[in-house]
1. Under the Kirkwood approximation applied to all pairs of distinct alpha-carbon atoms, what is the hydrodynamic radius of the stretch 214-261 in Å?
2. Pick from V138, V104, V160: which residue has the top mean-square fluctuation in a GNM of the chain where Cα pairs under 10 Å get a spring?
3. List the residues of the stretch 272-289 whose backbone N lies under 17 Å from a point placed 7 Å from the Cα of E167 along the Cα-to-Cβ direction.
4. Could you state the orientation-averaged shadow area of the convex hull built on the Cα atoms of the stretch 3-126, in nm² to one decimal?
5. Name the residue from G212, F125, G199 whose Cα lies farthest towards the positive end of the charge dipole of the chain, charges +1 on Cβ of Lys and Arg and -1 on Cβ of Asp and Glu.
6. When V76, V286, V42 are ordered from fewest to most other Cβ atoms inside 10 Å of their Cβ, what list results?
7. Taking the convex hull of the Cα atoms, report for the stretch 97-231 its projected area averaged over all directions, in nm².
8. Compute the separation of the alpha-carbon centres of the stretch 103-137 and the stretch 231-267 and state it in Å as a whole number.
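No lab work stands behind these numbers, since they all come straight from the coordinates. Computed from a prediction, not measured in an experiment: that's the story for all the values here. Note that each Cβ is placed from the backbone with ideal geometry, even for glycine, and that neighbours are counted across all protein chains shown.
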Amino acid sequence: MPRLLHSTLLFIVMLFARPGFAAEVEDSLGVHHFAQPAQRVVTLNWGATEEVIELGVTPVGIAEIQGYRDWVVRPVIKGDSVDVGTRAEPNIERIAELTPDLIVVGTMQRDMVERLSRIAPVLYFDNYRIDHDNHQAVLKAFRQLARALGRETAAEQRLVHRAARLEELKRQLHSHYGDSLPNVTAVRFIDTAHVRVYGDNSMAQVALQALGLASALPLPRSTWGQTQKAITDLAVIDDGILLYIEPFTKADALFSMPLWQIMPFVRNQHIAAVEPVWTYGGALSVQYLAEAFCHALLQLEP
């Protein structure tokens, strides 16, 4: 074997063997030990999918790939990931065929942990709860997942970049609106009569606060940081701005209703659509939410 080829192959073997690697990873169920960085990862919730991709690993299996592309969008799924079924009922046989060395799940898959553990080690992150700070839980989970993947340095670099990007976006808003920024509330429409309003403990609110924006409709803490309300309850948003996250297929029907057209923020033209972005994601979703909110706000007259 030529010396150069032999050296190259030896380097590759050493690179992936990681004989000195040993990691303790804490999830919501306890501490797990990894003798090697996980490489063949299956993600069964979209927040985990987002974070694994952010850490430079393409999952071999992902639940509801098309749904991720429609609702989460970023980061983009690249490569040949296999769709392993729905998040609520993933295909166990298909997951086993992928021979993963790690499966990452969330609250929706809590009852499946025991079955999935027969296939590969499972990390379960119960990030969204009313009794803790969801953002801090998400940050901890991101760092623990990075440890399992051997990507701790990459995780910290992404968080540093996130902080710098949030400051940059805040400066853009001040350049547009001046010293006094508007009060802003983010929502998702359910139908023409109901809406989910994001308040305390939501990633949307974390993103707005990072941009220096106060809420136009303050709400108490909840499990997912959201409260379902009647559309008419939005009328209390007087001088504030309403941002609604797409997609919403019934927008034309709602916006043509006389009741909608008399809303203060509608009459003041203080409403803007926000490109699809996931509101229940991981640590980097805060950046994507802030970018989407900032882009929408910059389209409005100050």
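1. After inverting the pairwise mean of 1/r, the radius is 12.7 Å.
2. Taking springs between Cα atoms under 10 Å, the residue moving most is V160.
3. 287
4. Projected over every direction and averaged, the Cα hull of the stretch 3-126 covers 8.6 nm².
5. F125
6. Final ranking by Cβ density, sparse to dense: V76, V286, V42.
7. Averaged projected area of the stretch 97-231's Cα convex hull equals 11.2 nm².
8. 36
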